[in-house]
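Take a look at the structure set out below.
The values are calculated or read from the model by the stated rules, or taken from the named source; none is laboratory data. Bear in mind the structure is a predicted one, so any value in this text is a computation, not a measurement. For neighbour counting, all protein chains shown are included, and Cβ atoms are generated from backbone atoms with ideal geometry for every residue, glycine included.
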Amino acid sequence: MKTHELIVVGGGPAGLAAALGAKEAGVDDILILERDERLGGILNQCIHNGFGLHTFKEELTGPEYAERYIRKVEELGVPYQLHTIVADISPDRKVTYVNSEEGAVTVQAGAVILAMGCRERPRGALGLPGFRPAGVYTAGTAQRLMNMENHAVGKKVVILGSGDIGLIMARRMTLEGAKVEVVAELMPYSGGLKRNIVQCLNDYGIPLKLSHTVTAIHGRERVTGVTISKVDENRKPIPGTEETYECDTLLLSCGLLPENELSKSAGVKLSRVTGGPEVNDKLETSVPGVFTCGNVLHVHDLVDYVSEEARRAGQNAAQFLRSPKTEATREIPLFCEGGVRYTVPQTIDPVHMADAVTVRFRVGDVFRDKSLVLYFDDHEIRRVKKNVMAPGEMEQLILAKKTFADHPDLSRITIRVED
Amino acid sequence: METRELTCIRCPIGCSLKVTVDGENVTVLGNHCPRGMEYGKKEVTAPTRTVTSSVRVTGGVLPLASVKTVPEIPKEKIFDVMRAIRSFTAAAPVRTGEKLIENIAGTGSDLVATRTVEQK
C-alpha cells in the first residue's frame with residue numbers, strides 16, 4: 001500500500017492553509033485531494049470583495065484570496081490531485097480515493113486533515129410547500145451558475161433566508177439587471193453580517209422582512225410567484241398575513257451544514273450543535289491523528305479565521321507526525337451557558353496546549369450590552385463587555401497557557417453570556 | 001448640524017458609526033480603526049463602492065473572469081459601470097491584476113481582473 005505522511009481532504013481555503021501549515025512545520029510528504037477541477041474551493045465563486053483584511057491587510061475578492069494560497073502551494077511544490085473524490089477514511093487512517101486515471105486507490109496516511117467544507121441546507125430540508133417547479137435554487141448554486149458558468153439565473157427574485165450568501169446574491173442579481181423583490185427571514189434577526197445588510201440590501205433599496213417565511217411556491221413548470229407570511233414567536237405562519245410576489249426565481253439562503261460523511265466513516269465523534277467533529281485544542285478529533293479545520297469543523301463567518309485555524313491544524317498534524325505517542329492527557333471540557341451555543345475546541349489539555357489557544361463560538365440570539373464571561377470552575381477569569389452579539393457573527397476568546405498554572409485542579413471551563 | 005448613524009462596511013466587524021456633519025467639519029464616532037473614520041467621512045460626503053462582477057472571456061478554460069473596480073467608484077455610477085462591464089469581452093489569457101478597462105464609465109477607476117483564466 002502506498003503511504004503519505006499527511007493527506008489533506010479538500011483543496012479549499014482550509015485544506016490549502018492546512019497543507020501550507022504542515023509544510024512550513026517540516027512535513028514534506030503531503031497530498032491534497034480535491035474533487036473539483038481546480039483548487040480554491042468556494043472562494044472561486046465568491047467574486048465579491050471583503051476577504052483578507054486580517055491575513056493580508058488588504059481587501060481582496062475570493063478568487064484573489066484563493067490565488068495567493070494556490071500560488072504558495074505551487075511554489076513550495078505541495079502535491080495535489082484534482083478531480084479526485086475521497087470515498088472512505090478508516091479509523092486507522094487508510095484513505096480510499098477515486099479518480100479517472102488511477103481508479104480506486106487506498107493509501108495509508110500518517111495523519112489526516114479533514115477540510116471538506118460545508119453544504120447549503122437544501123429545499124428538501126426546509127419543508128417548503130408547493131410543487132417542484134424550476135427556478136428554486138440554493139443561493140450558492142445560483143452564485144456558481146452566474147459567476148463561474150455564465151448562466152442567467154432569473155429576472156424577478158425572492159430570497160428566503162438572510163445568510164451572507166443570500167445577501168451577496170441579492171446585490172449580485174440586482175447588478176446583473178434582475179429585480180430582487182424581497183428577502184424574507186424566518187428569525188427576528190438576520191443571519192448575515194451587518195455590513196452585508198448595508199451594502200447588499202440597503203444600497204439597492206431591497207426590503208428585508210424579518211419573522212417571515214415562504215408559505216407557497218406557485219407555478220408547475222417554472223416558478224411564477226412566491227407567497228410569504230409573517231410568523232409568530234413560535235415561527236408558525238400567521239394566517240391573513242400572506243403577501244404574494246410575482247417572480248421567476250426563489251433563492252434559498254437558509255444555513256450551511258458541515259459535510260461530515262467521511263468523518264463518520266473514520267469514526268470521528270461529531271458535535272450535535274455544530275454538526276462538525278468534536279476537537280481538542282490541537283484541532284484533533286476523537287480519532288488520533290485525524291485533524292480538522294474550516295467549515296467542516298464549524299461554519300465560519302470569515303475566511304481569514306478559516307486560514308488561521310487551518311494553519312494551526314497543519315502545524316499540529318506535523319507535531320503529531322514527529323511524536324505521535326503522548327502520555328495519557330488531561331482534557332478539560334469547555335461548557336457553554338446563557339446563550340453561548342457551542343465552543344471549538346470542546347476540550348483543552350492544560351499541559352500540552354500551545355501558549356495561547358483561540359476558542360471560537362457563536363451565540364444563539366441577539367444580545368445587546370451584555371458581557372462574555374470566562375470561568376475556570378467557579379472563578380471568574382475574564383469579563384469582556386460586548387455592545388452587540390449576534391448568531392451571524394463568530395466570537396472568540398484567547399486562553400493563555402499561563403492562566404492554567406494558577407488552577408492546577410481545574411475540572412471545567414465555562415463561557416457564559418451575562419449582564 | 002446633521003448626525004447620521006451608519007454601519008461601517010469596511011470590514012466584517014461592522015462598527016456602528018455616528019457621523020456628524022457641521023458645515024465643512026465631519027466628525028466620526030464609534031469607529032475602531034482609521035478605515036472606519038475614512039468610511040464615515042466619505043459616506044456622508046461622496047460615498048464610493050467597489051463593484052465586483054465578471055466579464056465574458058473568449059478562448060479561455062472558463063467562460064468568465066471575475067473583475068473589480070480599482071479604486072472604488074462613486075456610488076451613483078454603479079449601474080453605468082455595470083453597463084460597461086456587460087458590454088465588454090476579454091480574450092484569454094487573462095491574468096489577475098490585469099487592467100481590462102481603463103477609466104471605466106468615466107469614473108477615473110480601472111476595471112481589473114481578479115482571476116487568471118488560461119487559454120483553452
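Structure data summary
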read-out: Test: residue in region A:314-325 that is part of a strand (DSSP E or B) and either crowded, with 19+ Cβ neighbours inside 10 Å or at pLDDT 95 or above (or both); value: no
read-out: Criterion violated by A:Glu24 - all others in (1) surrounded by fewer than 21 Cβ atoms within 10 Å (Cβ to Cβ); (2) under 30 Å from A:Gln199 (Cβ atoms) satisfied; value: (2)
read-out: Filter result (within 13 Å of A:Ile413 (Cα to Cα) and either of a type in the set (A, V, I, L, M, F, W, C) or under 20 Å from the mean Cα position of the chain (by Cα) (or both)) within region A:382-397; value: A:Leu397
read-out: Residue in region A:82-103 that is surrounded by 15 or more Cβ atoms within 10 Å (Cβ to Cβ) and closer than 30 Å to A:Thr215 by Cα present; value: no
read-out: The one condition in (1) away from chain A (no Cβ under 13 Å); (2) closer than 30 Å to B:Val94 by Cβ that B:Thr45 fails to fulfil; value: (2)
read-out: Region B:48-84, residues that are assigned to a strand (DSSP E or B) and either among the acidic types (Asp, Glu) or surrounded by fewer than 21 Cβ atoms within 10 Å (Cβ to Cβ) (or both); value: B:Thr48, B:Arg49, B:Arg56, B:Thr58, B:Gly60, B:Val70, B:Pro74
read-out: Total residues in region A:44-63, condition over 18 Å from A:Ala139 (Cα atoms) and touching a residue at least 24 places away in the same chain (Cβ under 8 Å); value: 6
read-out: Number of positions in region B:45-64 that are among the hydrophobic types (A, V, I, L, M, F, W, C) and under 22 Å from B:Gly106 (Cα atoms); value: 3
read-out: Residues satisfying the stated conditions in region A:46-59, i.e. within 8 Å of chain B (Cβ to nearest Cβ) and more than 14 Å from B:Glu72 (Cβ to Cβ); value: A:Ile47, A:Leu53
read-out: Top-ranked residue of region A:125-164 - restricted to ones that are charged (D, E, K, R), touching a residue at least 12 places away in the same chain (Cβ under 8 Å) and within 14 Å of chain B (Cβ to nearest Cβ), ranked as farthest from A:Ser229 (Cα to Cα); value: A:Arg144
read-out: Residue check for B:Leu111: of a type in the set (A, V, I, L, M, F, W, C), within 13 Å of another protein chain (Cβ to nearest Cβ) and surrounded by 17 or more Cβ atoms within 10 Å (Cβ to Cβ); value: yes
read-out: Residues within region A:207-223 that are surrounded by fewer than 16 Cβ atoms within 10 Å (Cβ to Cβ) and under 17 Å from A:Val153 (Cα atoms), tallied; value: 2
read-out: Condition met for A:Gly10 (closer than 30 Å to A:Ala142 by Cβ, assigned by TED's automatic domain parsing to the domain that holds A:His300, modelled with pLDDT of 95 or more and surrounded by 24 or more Cβ atoms within 10 Å (Cβ to Cβ)); value: yes
read-out: Given (1) touching an Asp or Glu at 6+ places or on another chain (Cβ under 8 Å); (2) modelled with pLDDT under 95; (3) buried (at least 23 other Cβ atoms within 10 Å of the Cβ), number of the condition A:Ala152 does not satisfy; value: (3)
read-out: Qualifying residue in region A:11-34 (condition: touching a residue at least 24 places away in the same chain (Cβ under 8 Å) and within 14 Å of chain B (Cβ to nearest Cβ)); value: no
read-out: Search result, residues across region B:1-27 that are of a type outside the set (A, V, I, L, M), more than 9 Å from chain A (Cβ to nearest Cβ) and not in a loop (DSSP other than H, G, I, E, B); value: B:Glu2, B:Thr3, B:Arg4, B:Glu5, B:Lys18, B:Thr20, B:Asp22, B:Asn25, B:Thr27
read-out: Matching residues, region A:189-211, being touching a helix residue (DSSP H, G or I) at 6+ places or on another chain (Cβ under 8 Å) and of a type in the set (D, E, K, R); value: A:Asp203
read-out: Looking only at region A:60-79, and only at residues there that are within 9 Å of another protein chain (Cβ to nearest Cβ) and of a type in the set (Asp, Glu), the one that is surrounded by the most Cβ atoms within 10 Å (Cβ to Cβ); value: A:Glu64
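Every residue, every condition in (1) farther than 25 Å from A:Val303 by Cβ; (2) in contact (Cβ under 8 Å) with a residue 24 or more places away in the chain; (3) within 14 Å of chain B (Cβ to nearest Cβ), yes or no:
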{"position": "A:Arg330", "(1), (2), (3)": "yes, no, no"}
{"position": "A:Val344", "(1), (2), (3)": "no, yes, no"}
{"position": "A:Met353", "(1), (2), (3)": "yes, yes, no"}
{"position": "A:Val359", "(1), (2), (3)": "no, yes, no"}
{"position": "A:Asp378", "(1), (2), (3)": "yes, no, no"}
{"position": "A:Leu397", "(1), (2), (3)": "no, yes, no"}
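Residues are listed down the side, and each one gets a yes or a no for (1) buried (at least 18 other Cβ atoms within 10 Å of the Cβ); (2) within 20 Å of A:Met394 (Cβ to Cβ); (3) modelled with pLDDT under 95:
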residue	(1), (2), (3)
A:Pro333	no, no, no
A:Val344	yes, yes, no
A:Val351	no, no, yes
A:Ala354	no, yes, yes
A:Gly364	no, yes, yes
